[in-house]
Amino acid sequence: MYMRTIVFLLFILMPLVALAKEPYKIGAILSVTGAASFLGEPEKNTLLMLSEQINRAGGFNGVPLEIIIEDSKSDETQAVLAAKKLLEKDKVLAIIGPSTTGETMAVIPTVTAEKTPLISCASASKITEPVKERYWIFKTAPNDYSAVEAMFEYMKGIGIARIGILTITTSYGDAGRIAMKEMAPKFGLQIVADERYGPKDSDMTTQLTKIKASNAQAVVNWSVGPSQVIVTKNWHTLKLGIPLYQSHGFGSKRNISLAGKASEGVKVPLGRLVIWDKLPNNHPQKALLKKYSTDYEGRFRSEPGTFGGHAYDALMMLTEAIKKVGPDKAKIRDYLENNIKNWSGTGGIFNMSPTDHCGLDKDAFEMVVVKNGDWEILKY
Amino acid sequence: MSVFLQFLFSGLTIGAVYAMVGLGFNIIYNATSIINLAQGEFVVIGGLLMWFFSESLRLPFLLSIVLAITFTGLIGLLMERLTIRPIKKKDLLLMIMITIAVSIVLRGILMFKFGKDPYNYSPFTEGDPINIYGAYIQQQTLWVIGITTLCIILMYLFFNKTMLGKAMKACAVDPTAARIAGINVERMVMISFVMSAMMGAVAGIAVTPITLMEYDRGPMLAVKGFCAAIMGGLGRGRGSVIGGFIIGILESMTAGYIHSGAKDAVALIIMLVILFFRPAGIFGSKTIIDLRRF
C-alpha cells in the first residue's frame with residue numbers, strides 16, 4: 001500500500017520536476033517604500049511588467065527569468081542587508097538598483113567582494129567613477145552633471161551670464177548644487193545667489209526674492225517632489241520677470257497639472273521618455289519609448305517617468321547579456337562593458353566602455369519648455 | 001522696503017500654516033492633557049479628503065468642505081473609541097505614545113488610498129496675488145489668516161463661555177474631581193478628539209492650495225505646529241497663533257537676511273531661548289503648568 005502511494009505521488013510530481021527548469025535569477029534592491037519611494041515604485045512596476053513580457057516570450061531559450069525584488073525602505077543599512085540576502089541566499093547573477101546614490105554607495109563593497117555585476121538606477125557620477133575601482137558597477141541613470149551641462153549649454157546659447165540657484169537640502173539637491181557650481185565656469189556662467197530650502201517647506205518666496213535682488217538673469221531650481229511645484233507657484237506669484245529653469249526631476253505631467261498656469265514658460269532638461277510623442281519618427285529611441293510608455297500607462301494608470309526607465313534599461317541590458325553569454329557573472333560584466341555600444345534605451349543612446357560605466361552624456365537630454373500645459377522641445 | 005515686505009509676507013504665509021495646525025493641539029490638550037501627535041495626520045486627511053470630494057467626485061465647494069470636515073471628525077471619533085478609550089491604565093505618556101502609533105497607521109492607510117503623489121486644488125478665490133508696495137501676497141494666505149482668527153474666536157468662546165467647554169477644561173485639570181462634580185469625563189475626551197480632528201481638517205482644507213498635500217506631510221506639520229503651540233503656551237489659542245507667526249517670520253527673515261540654509265536652526269534656537277526664559281510659553285502661566293500633570 002505504501003509503495004503504491006509513493007509511486008502514485010511520483011507520477012504526479014514527475015512532470016513538474018521535468019518542466020521546472022531552474023530559472024536565471026536577477027536581484028533588485030529598490031526603495032519601494034520610504035523617502036525615495038517615488039523612485040522605487042515605478043522601478044518595481046517596470047521590472048515586474050518586463051519580466052512577465054520576457055517570460056511570455058519564452059525567457060532565455062526556455063529558461064525562465066526570475067526577478068527577486070527587495071525593498072530597501074530607502075535606507076542604506078536595509079540595502080546592504082538586501083544585497084547580502086540576494087548574493088548569499090538567492091545566488092543571483094546580477095543586481096539592479098539600488099534606487100538612490102546613498103544606498104548604491106553602501107552596497108558597492110558587498111557586491112564587489114562577491115564579484116557580481118550591479119547596475120544602479122541612481123545618478124551621482126561617483127557611483128561609476130573612478131571606473132578602475134568600480135569594476136563590477138554600472139549605472140543607467142545619466143550623471144547628474146549631464147543635465148546641468150545640457151541646461152547650461154542652452155543658457156550660454158541664449159546669452160545668460162548670471163544665474164541664481166535654489167536647491168533642496170536632500171542628496172538630490174546637494175548633488176545638483178555641487179554639479180552646478182562645478183560646471184558654471186566652464187559655460188561662462190556666474191552663480192550670483194545660492195539659496196536652499198527643506199524638503200517639506202511650504203513657501204520659497206523669500207529665497208526667490210533674494211535671487212531676484214541679486215540681479216540674476218535666471219533662476220535654477222534643483223529638487224524633486226512637491227517643492228518644485230511650490231517653487232513654480234511662488235515664481236509665478238511674485239511675477240519675478242526672470243525665467244525659471246527646473247531640474248530633470250520636474251519631468252512629469254503631474255507637475256504641470258499641479259502647478260497649473262504657473263508652470264507656463266518653465267524650462268527643463270528632460271530625458272526623452274516623457275516627450276517621446278514629440279520626437280521625430282526616425283529617432284532611434286522613439287519606438288521603444290512608445291511601447292514602454294503605453295504598456296506601462298495601460299497597466300499601472302500612471303506615467304513611468306524617467307526613473308522607471310532606468311530600471312527598464314538595466315534589465316534590458318542584462319537580458320541581452322545573458323542571452324549572448326549565458327549565466328556567467330564575469331562574462332555578463334564583460335559584455336556590459338564592451339558590447340553596449342550605440343545601444344538605444346529609454347535614458348538615451350548608451351555607449352559603455354572600460355573607461356565609462358554610465359554610457360550617457362548630455363545628449364541624453366533635450367531642453368524642453370512648458371507651453372499650453374504640455375512639453376515643447378526647444379530649438380535655438 | 002519691498003524686499004523686507006516680501007520676506008514678511010512669506011513669513012506670514014508659513015506662519016499661518018503653523019498657527020492653524022498648532023490650534024488643533026490645544027483642543028485635545030485642554031480636555032485631556034494629551035499631546036495628540038497624530039494631529040498632523042488630521043490636517044493631511046482634511047486636505048486630501050477635500051481634494052477627493054471637490055476634484056475627484058466634483059461635488060460643490062461648500063458641500064466638499066462640510067463632508068471633508070465631517071469625515072475627519074469621524075476618524076477622530078474612531079481614534080478615540082478604538083485606541084484611547086479601551087486603555088485600562090490611563091497613563092498620559094502611554095496615551096501620547098498611542099497617538100504616535102495612530103499617526104503611523106493613518107499615514108500607511110493614506111499611502112495606500114492616495115499614493116505618494118502630492119495633491120492640489122484651486123484656491124478659495126481665483127485671481128492674481130495682491131500687490132502691496134511692490135511685494136506680493138497670495139489671496140489664499142489671507143484666507144488662512146482669516147479662518148485662523150475665526151477659529152481662535154470660536155475656541156475662546158467655547159472654552160470660556162459655554163458649559164461644555166468649561167467642563168472639558170475641568171477634565172484636563174483633574175479628571176477625578178471633574179467626575180465627582182458630575183462631568184462625564186469619557187464623553188468630554190471623545191468630543192475633544194472629534195473637535196480637534198475637525199480643526200485639523202479645517203487647517204488642511206485651507207493650507208493645501210498653498211503647500212500641496214501628500215500622505216507624509218503630517219509629521220512636519222505636527223512638529224512645526226507643536227512648536228508654535230508650546231512657544232505661545234499650550235492650551236492658549238492666541239498663543240499658538242502668535243507662536244506660529246513668530247516662527248514663520250523668523251524662518252523667513254533668517255532665510256532672507258542670513259542664509260536660507262540656516263533658517264530652521266535659527267528659528268528653533270530662538271524658540272529654545274524663549275522657552276528658557278518663559279517655560280510656559282509666551283502666554284502660558286507657570287502656575288497653571290505646575291498644577292497640570294504634563
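In table form, for the structure just shown:
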read-out: Rounded Å value of the spacing that divides the Cα centres of segment A:65-125 and segment B:39-105; value: 38
read-out: Sorted by Cβ neighbour density within 10 Å, fewest at the top, the residues B:Arg58, B:Arg81, A:Arg134; value: B:Arg58, B:Arg81, A:Arg134
read-out: Within a Gaussian network of chain B (alpha carbon springs, distance under 10 Å), most fluctuating of B:Gly261, B:Gly248, B:Gly281; value: B:Gly261
read-out: Average beta-carbon neighbours from other chains, 10 Å sphere, peptide A:225-232; value: 3
read-out: Residues B:Leu59 and A:Glu182, FRET efficiency given R0 of 45 Å [Cβ-Cβ distance, rounded to 0.05]; value: 0.30
read-out: Highest average packing first - A:79-90, A:259-270, A:180-191, A:220-231, Cβ atoms within 10 Å; value: A:220-231, A:259-270, A:79-90, A:180-191
read-out: Spin-label proximity, B:Gln139 to segment A:257-277 - amide N less than 20 Å from point 7 Å beyond Cα toward beta carbon; value: A:258-264
read-out: Residue-averaged [θ]222 nm for the protein assembly as shown, counting only DSSP H segments that reach four residues, each worth -39500 (n - 2.57); value: -18000 deg cm²/dmol
read-out: Sorted by Cβ density within 10 Å, fewest first, the residues B:Val17, B:Val144; value: B:Val144, B:Val17
read-out: Rounded to 5, percent antiparallel among DSSP beta bridges of the protein assembly as shown; value: 35
read-out: Rounded to 5, percent antiparallel among DSSP beta bridges of chain A; value: 30
read-out: Exposure proxy ranking, count of Cβ atoms within 10 Å, fewest first, for A:Thr205, A:Thr128, B:Thr176; value: B:Thr176, A:Thr128, A:Thr205
read-out: Sequence-distant lysines (8 or more away, or on other chains) whose Cα lies within less than 16 Å of B:Lys263; value: A:Lys200, A:Lys210, B:Lys224
read-out: Highest average packing first - A:55-65, A:232-242, B:86-96, Cβ atoms within 10 Å; value: A:232-242, A:55-65, B:86-96
read-out: Spatially proximal aspartates and glutamates relative to A:Lys181 (Cα-Cα < 14 Å; intrachain offsets below 8 disregarded); value: A:Asp144, A:Glu149, A:Asp194, A:Glu195
read-out: Peptide-level mean, for B:104-116, of C-beta atoms on other protein chains within 10 Å; value: 1
read-out: Alpha-carbon centroid distance for the pair segment A:326-361 / segment B:227-289, whole angstrom; value: 55
read-out: Inter-probe distance in nm under a simple model that places probes 7 Å from Cα toward Cβ, at A:Arg56 and B:Ala262; value: 5.9
read-out: Backbone N under 17 Å from the A:Leu48 label point (7 Å along Cα→Cβ), restricted to segment A:277-316; value: A:295-305, A:308-309, A:311-312
read-out: Label-to-label distance, nm, for residues given as B:Ala177 and B:Phe4 (7 Å Cα→Cβ offset); value: 4.9
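Bear in mind that the values in this text are calculations on the coordinates, not laboratory data. Keep in mind it's a predicted model, so treat the numbers as computed, not measured. All Cβ positions, glycine included, derive from the backbone under ideal geometry; neighbour counts span all protein chains shown.
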